[in-house]
Amino acid sequence: RIRGTNTPLKIYSYLRSGKPIVATNLLTHTQVLTPDIAKLVDPQPEPFAAAILALIDSAAERQRLSAAARAVAQEKYSRESYMRRTAEAYRMLSGAPRKIASNAPDAPDAPDAPDAPDAPDAPVKEFARQ
């Protein structure tokens, strides 16, 4: 892909695949992929082939990229992440105080932060029934 700005959906599957990713360094890929999680190269056959060969020769780099990509997939693009962000959006729109992530270091819980009742599940359940 040489043109366009939309990220191909297959990129999200690649992140979870456990395989190293080689992609072009064009906006269509770099909106999601970074050098920390993929080999990004110019959109030419020679650099693309060289990146593949470099990964064939380096098991450590293949493992590093694969593990980093999986971590990003889980953190940013998993169902759990989607549900967490959706619940936060419901809270913001309802005017409820923002909940602070429990894994944030030394972050106190928001005092008496009401949960939006069934907010993250309601649209998903309703959509599933249709």
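The values are calculated or read from the model by the stated rules, or taken from the named source; none is laboratory data. Remember, predicted model here, so these are calculated numbers, not experimental data. Note that we place each Cβ from the backbone using ideal geometry, even for glycine, and neighbour counts take in every protein chain shown.
Quick notes on this one:
- Every residue from segment 1-16 that is in a loop (DSSP other than H, G, I, E, B) and exposed (fewer than 14 other Cβ atoms within 10 Å of the Cβ): Arg1, Ile2, Arg3, Gly4, Thr5, Asn6, Leu9
- For segment 18-46, a residue qualifies if it is outside any loop (DSSP other than H, G, I, E, B) and under 20 Å from Arg64 (Cα atoms), and the qualifying residues are Val22, Ala23, Thr24, His29, Thr30, Lys39, Leu40, Val41.
- The one condition in (1) modelled with pLDDT of 95 or more; (2) within 18 Å of Thr7 (Cα to Cα); (3) of a type in the set (A, V, I, L, M, F, W, C) that Ala59 fails to fulfil: (2)
- Residue count, segment 55-70 (criterion: in contact with a strand residue (DSSP E or B) (Cβ under 9 Å, 6 or more places away or on another chain) and surrounded by 15 or more Cβ atoms within 10 Å (Cβ to Cβ)): 2
- Evaluation of Glu126 against (1) in a helix (DSSP H, G or I); (2) at pLDDT below 50; (3) under 22 Å from the mean Cα position of the chain (by Cα) (one fails), failing number: (3)
- Failed item, numbered, when Asn103 is tested on (1) at pLDDT 90 or above; (2) within 21 Å of the chain's Cα centre (by Cα); (3) exposed (fewer than 12 other Cβ atoms within 10 Å of the Cβ): (1)
- Hits in segment 21-53 (condition: closer than 13 Å to Val72 by Cβ and either of a type in the set (Lys, Arg) or crowded, with 16+ Cβ neighbours inside 10 Å (or both)): Ile21, Val32, Leu33, Ile37, Ala38
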